[in-house]
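Since the structure comes first, as C-alpha cells, the remarks are kept for the end.
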Amino acid sequence: MPDGRTALFPLKTVLFPGGLLPLRIFEARYLDMVGRCMKRGQRFGVLMIVDGSEVGRARTAEVGTLAEIIDWHQEADGLLGIVVAGRERFRLLETSLRDDGLYVGTVDVLPEAPRCELPPRHAHLAKLLRQVLTRLGVHRRGDEDYEDAAWVGYRLAEILPLSLEDRQACLEMEDPLARLDKLGASLN
C-alpha cells in the first residue's frame, strides 16, 4: 500500500508460513486489493477471525501470516480464484477500516526461529505427515523438509483436525519443538 500499511484479509482459517491457500475473490474491496498486490508485487496479511464474519466486520487475532499471490485464474462461475503462499508471520500493531471496507494495518514481521533439526523423539510425526500427505494426494512444490522441525510442525498444524484456536496457537508459538510437542500431545 502506498502509505506503508499492509492490506489485511480476515478469514476463518489460519495460514502458516510455507502453506498454500486457495481463495475465491468476489467482494470489490478484495478484488481491488488483489489487483494492487499483483501490480506492485505486494503481499497482504491473512488473519484469523476471532469474532465477526468474512463479509462484514471482523475482530482478528493479533498474529497472522503475510500472503504472496502465486497463481490466479477465473473460476467457472466468473469469480476470481487465487492461490496464495504463506510467507512471514507478523504481529498486527494497529488496524483501521478504509472507506471501501478494506482493513489495513501496521505490522511487525516476526523473526522465524533458525532451522531446527527434527529430534528423534518427533520422527514419528514426520513419518505420519509423509503418510497423510501421500494418502491425500498432496503434491508439494519441492519445498518438503521432513528434517526441519518448523516445516513439519506447520504442515501438521494445517492438516490435523484441530480447532481454529489450536491452529492459531500453533502459529503464534515461537519454538518449533514446543509446537511439535503440542501437536504430538493432540494425537494422544
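All of the numbers you see were taken from the coordinates with simple rules; none came from a lab. Predicted model only: the values in this text are computed from it and were never measured. Every residue, glycine as well, gets a Cβ built from its backbone with ideal geometry; the counts of neighbours run over all protein chains shown.
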Can you tell me which of 50-59, 64-73 comes out highest on packing, and rank the rest after it, using the mean Cβ neighbours within 10 Å?
64-73, 50-59
Could you work out how far helix 176-186 tilts from the main Cα principal axis of the chain, as a 0 to 90 degree angle to the nearest 10?
80
Taking Kirkwood radius over Cα pairs in Å straight from the coordinates, which label in (1) 17.4; (2) 17.9; (3) 16.3 is the correct one?
(1)
Sequence order, segment 19-33: Karplus ³J(HN,Hα) from phi using 6.51 cos²θ - 1.76 cosθ + 1.60, θ = phi - 60°, Hz rounded, Gly and Pro as x, gives x, 10, 9, x, 10, 10, 9, 9, 7, 4, 4, 7, 4, 5, 4
Quick one: which of 151-161, 102-112, 175-185 comes out on top by average Cβ neighbours within 10 Å, and what's the full order, highest first?
151-161, 175-185, 102-112
Can you return the lysines within cross-link range of residue 127? Criterion is Cα-Cα under 24 Å, with same-chain partners fewer than 8 residues away left out.
182
What is the magnitude of the charge dipole of the chain about its Cα centre, with +1 placed on the Cβ of each Lys and Arg, -1 on the Cβ of each Asp and Glu, and no other charges, expressed in debye to the nearest 20?
280
Per the charge dipole of the chain (beta-carbon charges, Lys/Arg positive, Asp/Glu negative, Cα centre), the residue among 93, 33, 109 reaching farthest to the positive end is 33
Treating only the Cβ atoms of Lys and Arg (+1) and Asp and Glu (-1) as charged, compute the dipole magnitude of segment 120-186 about its Cα centre; round to the nearest 20 debye.
400
